[in-house]
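Colleague: Right, I'll just put the structure down here and ask away after.
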Amino acid sequence: MLSKLLRFGRRQLHTIVSREIIKPSSPTPSHFKTYNLSLFDQIANNSYMPIVAFYPNLDQSSHDKTRTLELKYSLAKTLTQYYPFAGRVKKTHPTYVDCTDEGVEYIEASNDNSLSDFLQRSEHEDLDPLFPNDLIWFDPRIRGDTEGVTCPLAVQVTQFACGGVAVASSLSHKVGDGRCFFNFINHWATVTAKKDVSLVNPHIFHHQTFDYNLPDLLSDKSRVGCVTRSFFFLNEKLNDLKAKVTAMTTKAGQPIMNPTRVEALSWLLHNRATAAATKNNSGTFMASGMQFPVDMRGILAEKLPGTSMGNLYLVIEFATTNERDLEPYISIGEMRKRKAEFQSIRNLEAATEVVGQVSPETALKTAERVEDYYIYSSLCGFPVYDIDFGWGKPVKVSVGGTIKNFTILMEAPDGNGIEAAMCLEKEDMKILQNDPELLAFC
């Protein structure tokens, strides 16, 4: 708490003002009342993705009450198209959504800081109060109470003292992935700004009944003793990094030509994070690995609609068991090899068949093997900074929470670079923040 007082000069006052339930404006047809979760939904982590977008008060004539009413009205309209989000799912091992139109919780809150002060002086953990019901990756209401049902979506809108706004949402990973979530938020924003629900066009697959019982894996990843910090890499520096990768791999006789920003940056971050962990392990190399979720919508031979709802991603994973595995020609080469394998998959049905052949027992053994792997999830190319509720584009978008060894890559607000929000154990982070090989590009 002392660190917060030093950062802000005084205690933040964050107050919940109201709570209500927003239901779809039109009832869901009876033949859509049961939304079966796909294989990919069921193997997704039982967690809540927390996303918050910040908007300055550019329209001094706009009243908070008017803005709030518009948000509620447009949310109700949007939920008619994203009707599974307003239903109910079992807290553990859900196989379907009961599309009851019971609605989502909409919370209003206030913060007595100005938005600019909050953004300039806050650390990543200061985002936590902005999210509804502490739904920051893990639902605290489930601990010790695994029975019953819960809502896949919750929203919290926070008004700052200056009139700025934070719109935060938490979505169950069981009903959608990151692309799906950003599609929803953008559609909601579009309906708010344009007053036209016809612009909302999610593509919903109607799956057959399926039951793939896999233990919840991500919840086992430690959050105690971990900290998330952001690093910014300008495009100019990323071009230097790409050139370095090409030079290193050419010298090794395994040239990687035209590495992408994400490829080069993921390699650098993993290289330096592993070096930090090794230093904290008395210099003994810490074997681990890398994981990369890959959006299937644009990678399969038969492309899927970009607005497809649900979980539609595959995961690249490979071990880094020694220092040689950290060479860019190996790590980036493996990324490209596995991605090419995914690109050879014909369609969603074929992808489902491939993944469905893996038994839960094998999947669990794999999960145990990759427990200490580092996850690099890229949102670059996602419509992150297109979320316009009619107040202009956000000045900042963040993903909240902490998960050990989890990094999210996101376009910088102005498009000139990449922000890496990286979560490590505190002692590893101290080393990383002072690592000259990282700071040379940061």
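Colleague: Taking amide H positions as placed in the peptide plane 1.01 Å from N, state which residues far from Asp435 in sequence (5 or more) or on other chains have amide H under 5 Å from it.
Modeller: none
Colleague: In addition: Which shape class, rounded, prolate or oblate, goes with the range 37-144 when its Cα gyration tensor gives a ≥ b ≥ c as root eigenvalues, a/c under 1.5 marks rounded, and past that a/b bigger than b/c marks prolate?
Modeller: oblate
Colleague: Pick out, in residue order, every one of the chymotrypsin sites (Phe, Trp or Tyr not before Pro) in the range 283-318 that is DSSP loop and has at most 16 other C-beta atoms within 10 Å; say none if there are none.
Modeller: Passing both the DSSP loop test and the Cβ count: Phe285.
Colleague: Moving to a separate point now. What is the distance in Å between the Cα centres of the range 87-137 and the range 407-442?
Modeller: 25 Å
Colleague: Just the projected area, averaged over all directions, of the convex hull on the alpha carbon atoms of the range 230-274: how many nm²?
Modeller: Mean projected area for the range 230-274: 3.3 nm², to one decimal.
Colleague: A further question on this structure: Within the accessible area of the range 186-343, what % is carbon and sulfur when the probe is 1.4 Å and the other protein chains stay in place?
Modeller: Result for the range 186-343: 51 percent of the exposed heavy-atom area is carbon or sulfur.
Colleague: Shifting gears a bit: Want the number for Gln254 to Glu147: 0.36 nm per residue separation, take away the alpha-carbon distance, what's left?
Modeller: Working it through step by step, the gained length comes to 33.2 nm.
Colleague: Kindly report the accessible area of the range 69-169 per residue (heavy atoms of protein chains, probe 1.4 Å, no ligands, DNA or RNA), in Å².
Modeller: I get 35 Å² per residue for the range 69-169.
Colleague: Say R0 is 25 Å: what FRET efficiency, to the nearest 0.05, do Glu236 and Glu427 get from their beta-carbon distance?
Modeller: The formula returns an efficiency of 0.20 here.
Colleague: Is the range 207-355 rounded, prolate or oblate when judged by the Cα gyration tensor, a ≥ b ≥ c being the square roots of its eigenvalues, rounded requiring a/c under 1.5 and prolate requiring a/b larger than b/c?
Modeller: Judged from the Cα gyration tensor, the range 207-355 comes out oblate (a/c at least 1.5, b/c at or above a/b).
Colleague: Mind listing which trypsin sites (Lys or Arg not before Pro) in the range 260-331 are in a DSSP loop and have 15 or fewer other Cβ atoms within 10 Å?
Modeller: Values: sites: Arg261, Arg272, Lys279, Arg297, Lys303, Arg324; in loops: Arg297, Lys303.
For trypsin sites (Lys or Arg not before Pro) across the range 260-331 that sit outside H, G, I, E and B with at most 15 neighbouring Cβ atoms in 10 Å, the list reads Lys303.
Colleague: While we're looking at this one, here's another question. Select one label from (i) 40, 29, 21; (ii) 34, 28, 21; (iii) 44, 33, 19: the one whose number is semi-axes √(5λ) of the Cα gyration tensor in Å as derived from the coordinates shown.
Modeller: (ii)
Colleague: Note the full-extension length gain between Thr362 and Glu125 as 0.36 nm times their separation in residues minus their Cα-Cα distance, in nm to one decimal.
Modeller: 81.8 nm
Colleague: Next up: Taking a probe of 1.4 Å, how large is the accessible area per residue of the range 242-354, in Å²?
Modeller: Numbers: 5150 Å² over 113 residues.
Computed with neighbouring chains in place, this is 46 Å² per residue.
Colleague: I would also like to ask the following. Amide H neighbours of Ile256 under 5 Å, counting only residues 5+ apart in sequence or on other chains, H built in-plane at 1.01 Å?
Modeller: Thr249, Thr250
Colleague: Under the rule a/c < 1.5 gives rounded, and otherwise a/b versus b/c splits prolate from oblate, where does the range 92-209 land using the Cα gyration tensor?
Modeller: Details: a/c = 2.32, a/b = 1.33, b/c = 1.74.
The shape class here is oblate.
Colleague: Under the rule of at least 5 residues apart or a separate chain, name every residue whose amide H is placed under 5 Å from the amide H of Gly310.
Modeller: Asp177
Colleague: Where is the GNM fluctuation largest for the chain (alpha-carbon springs, 10 angstrom cutoff): Leu79, Leu432, Leu199?
Modeller: Fluctuation is largest for Leu199.
Colleague: In whole Å, largest first, what are the principal axis extents of the Cα atoms in the range 13-53?
Modeller: Cα extents, longest axis first: 44, 30, 16 Å.
Colleague: Oh, and also: So, taking all protein chains as they sit and a 1.4 Å probe, how much accessible area belongs to Arg346, in Å² rounded to tens?
Modeller: For Arg346, solvent-accessible area is about 150 Å².
The values are calculated or read from the model by the stated rules, or taken from the named source; none is laboratory data. Keep in mind it's a predicted model, so treat the numbers as computed, not measured. Virtual Cβ from ideal backbone geometry, glycine too; neighbours counted across all protein chains shown. To get the accessible areas, we keep the full protein, side chains included, count just its heavy atoms, and leave off ligands, DNA and RNA. Shrake-Rupley method; radii C 1.70, N 1.55, O 1.52, S 1.80 Å.
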